[in-house]
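**Q** The structure is given below, and queries will be raised subsequently.
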Amino acid sequence: MLDKLIIEFDKGVRTLFAPAASARPHPDAGMPEAEMSEQEKRHALGLMRVNHCGEVCAQALYQGQALTARNEGAREALKHAAFEEVEHLAWTECRIRELGGHPSVFNPLWYTGSLAIGVAAGLLGDKWNLGFLEETEYQVEAHLNGHLKDLPEQDEKSRAIVKQMRDDEVRHAEMAHEHGAAKLPLPVRGLMKLTSKVMTSASYRL
Ligand SMILES: [Fe+2]
Ligand SMILES: [Fe+2]
């Protein structure tokens, strides 16, 4: 257990402070930068910062869950999805820099909170662990669809990233479902939405 904790601690530090790498090409690779007004650029930056913050939280959640998952199949599925989340982290981080910004200053805070939630979900057992994951991914999907409407029309680069992430998150939700995810009670789902609203508005600004 101590070994596991040290490995996870190391992952956490890297998530927060080191650039992430992507095995797949970035979805916006080779696309030209669009003409945007200062205001449009700031808006795209805010949205991509929110997405990056979401991916930091995904790292923490998956880590917490992988630490506590009992079933081997569930653990493997979590690992695969977590690998794609690292790629999402790389894509959004790169885009933030291109738009002339920096990741959210609140990331360490959200990371710690998400890790605790991931561990707690894992301790409840695999079906709740996966249920939490499935619900998270569905909420992220809805959120990314909202961003596709909200991003400046001409910002094809950010759009390409968000679209690929959305498609990946849908697969993660399906994967959790196939491994026996339980449907979370309505108040829990509501609380998750509320929490993500707080995180979203904070990360959009800073
Ligand atoms: Fe993701
Ligand atoms: Fe995901």
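No lab work stands behind these numbers, since they all come straight from the coordinates. Worth saying up front: this structure is predicted, and the values here are computed from it rather than measured.
**Q** Which lysines does LYS79 reach when only Cα atoms under 16 Å apart count, and residues fewer than 8 places away in its own chain are ignored?
**A** LYS4, LYS11
**Q** For the chain, compute Rh as the Kirkwood radius over C-alpha pairs and then the Stokes-Einstein diffusion coefficient at 10 °C and 1.306 mPa s; write the answer in µm²/s, rounded to an integer.
**A** On the way: Rh = 17.1 Å.
For the chosen part, D equals 93 µm²/s.
**Q** Name the lysines eligible as straight-distance cross-link partners of LYS41: C-alpha to C-alpha under 16 Å, and not fewer than 8 places from it in the same chain.
**A** Correct list for LYS41: LYS149, LYS157.
**Q** For every helix of n ≥ 4 consecutive DSSP H residues, a contribution of -39,500 (n - 2.57) applies; sum these over the chain, divide by its total residues, and give [θ] at 222 nm rounded to the nearest 500 deg cm²/dmol.
**A** That comes out to -27000 deg cm²/dmol.
**Q** Angle between the Cα long axis of helix 38-68 and the longest principal axis of the chain, 0 to 90 degrees, nearest 10?
**A** Between helix and principal axis, roughly 10 degrees.
**Q** Normalised by the number of residues in the range 57-205, what is the relative contact order in percent for Cα pairs under 8 Å and 6+ residues apart?
**A** With pairs under 8 Å counted, the relative contact order is 31 percent.
**Q** While we're looking at this one, here's another question. For the range 34-66 and the range 142-206, what is the separation of their C-alpha centers, rounded to whole Å?
**A** When both Cα centres are located, 10 Å separates them.
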